[in-house]
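Input: a single structure, listed below in structure tokens.
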């Protein structure tokens with residue numbers, strides 16, 4: 001579709017190609033606002049993650065990282081495999097690969113119809129109007145050594161997404177920068193990639209401050225306890 005972001009265009013095409021398998025149960029009725037829960041994602045589609053990778057090979061790492069981040073949204077607290085897969089893709093970028101690869105175990109995972117439908121509808125709504133802001137610029141931010149830097153950012157964000165944090169909606173703290181990286185790669189938008197780096201550096205700084213505070217309180221607690229021994 002003219003003027004549409006590549007992510008929305010690719011997802012729209014996948015939605016048109018996807019259909020339920022004949023032996024799947026009836027599709028669940030989804031609320032218009034909240035994402036489907038893990039229990040609702042039962043209706044199998046004719047597409048596996050491997051099929052999607054093969055059909056979108058031209059989009060490379062950008063689409064696959066964004067897609068995995070989007071798939072992780074409904075699985076609040078169960079994003080371990082998606083985070084590790086994204087970190088694995090980042091490792092491949094650091095190693096200089098230009099095409100994504102996933103092991104057969106992940107490629108064989110069937111993507112539910114409700115997931116494809118929900119992602120297609122939500123992404124179209126979220127990206128509505130963004131095509132006027134996102135465009136090819138500063139393309140060297142996705143080339144050469146900067147390609148490796150994007151991979152490093154995805155490794156950190158993927159590990160963060162995989163790490164179980166007992167805070168509601170904490171996944172979004174990692175999903176958003178992953179989407180920023182993915183769309184930036186897809187659209188050759190170096191400014192968006194730079195924004196992803198800034199967010200990643202900011203999160204590292206906050207993590208360092210938090211760790212220092214925890215370390216200090218633990219040391220103070222041990223000192224206080226030792227006075228009574």
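Out of 89, 84, one residue alone is out of contact with any strand residue (DSSP E or B) (no Cβ under 9 Å at 6 or more places or on another chain), over 28 Å from residue 19 (Cβ atoms) and assigned to a helix (DSSP H, G or I). It is 84. Considering 121, 125, 135, the condition of being within 18 Å of residue 60 (Cα to Cα) and either out of contact with any helix residue (DSSP H, G or I) (no Cβ under 7 Å at 6 or more places or on another chain) or without any contact (Cβ under 8 Å) to a residue 60 or more places away in the chain (or both) is satisfied by 135 alone. Within region 70-95, the residues that satisfy the criterion of being surrounded by 18 or more Cβ atoms within 10 Å (Cβ to Cβ) and modelled with pLDDT under 90 are 70, 71, 72, 73, 74, 75, 79, 82.
Listed by first and then second residue, the pairs linking a residue in region 191-207 that is without any contact (Cβ under 8 Å) to a residue 40 or more places away in the chain and on the phi < 0 side of the Ramachandran plot to a residue that is surrounded by 15 or more Cβ atoms within 10 Å (Cβ to Cβ) and in a helix (DSSP H, G or I), with Cβ atoms under 6 Å apart and 6 or more places separating them unless they lie on different chains, are 195/180; 199/177.
The values are calculated or read from the model by the stated rules, or taken from the named source; none is laboratory data. Please read all numbers here as calculations on a predicted model, not as lab measurements. Note that each Cβ is placed from the backbone with ideal geometry, even for glycine, and that neighbours are counted across all protein chains shown.
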